[in-house]
Amino acid sequence: MAELIVAFDLPSGREALELAARLPGLRWAKIGPMLHVREGPALVREFTARGVRVFLDLKWHDIPSVVAGAVEAARAQDVALATVHTLGGPAVLAAAAQAAGEMALVGVTVLTSHEAGDFERVVGRGVPDLGFEAERLGRLAVAAGLRGVVASGHELALLREMLGPDAWIVVPGVRAPGDAPDDQAR
């Protein structure tokens, strides 16, 4: 079943909580790097105290022990869902999955701000297409024990077929028709 995760990409915790108060039935709140650096665990506690599940979208990408430590810290804050970057590789993903316990982890595949040329420069080689890369990285994430992936809506059907019905697929940057895409390229 698809669920809506509201991105609280706002400059302050006060503004995030004011918006949350205007959203009856809010079930999921995404806290990204900007807001988390400003507000930290206190904002996570505010949301969880209100019965809202927190998606901590920090896209961890470091050595396995550091990522595992970050996952454990998030789990201790009752974070329900968090992200780790699949480009960290199998050892990072496995360490994160082991540290997660019941907390759900999804692997970021190809950033939605990337176009093919951008990704080719990052990985240092040509890529058949970004869908292929999202699929390859998605397989890596699930094989390591993550619940699923973060990927562009362009790869949704491909990933659902490849990962199966139980995998979580988080599609970021969904906007209303006519809204500005900001830095979402895909």
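Rule-based calculations on the coordinates, nothing more; no lab input. In this text, all values refer to a predicted model and were calculated from it rather than measured experimentally. Methodologically, a virtual Cβ is constructed for each residue, glycine included, from the backbone with ideal geometry; neighbour enumeration extends over all protein chains shown.
Numbers for the structure displayed
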| item | result |
| --- | --- |
| D_trans [Stokes-Einstein, Kirkwood Rh over alpha-carbon pairs] for the range 6-170, 4 °C, 1.567 mPa s, µm² s⁻¹ | 79 |
| Per residue, the convex hull volume that the Cα atoms of the range 1-65 enclose (Å³) | 109 |
| Efficiency of FRET between Ala76 and Glu3 - r from beta-carbon atoms, R0 25 angstrom, step 0.05 | 0.55 |
| Contour excess over end-to-end distance, with Cα ends at Asp62 and Ala157 and 0.36 nm allotted per residue | 31.2 nm |
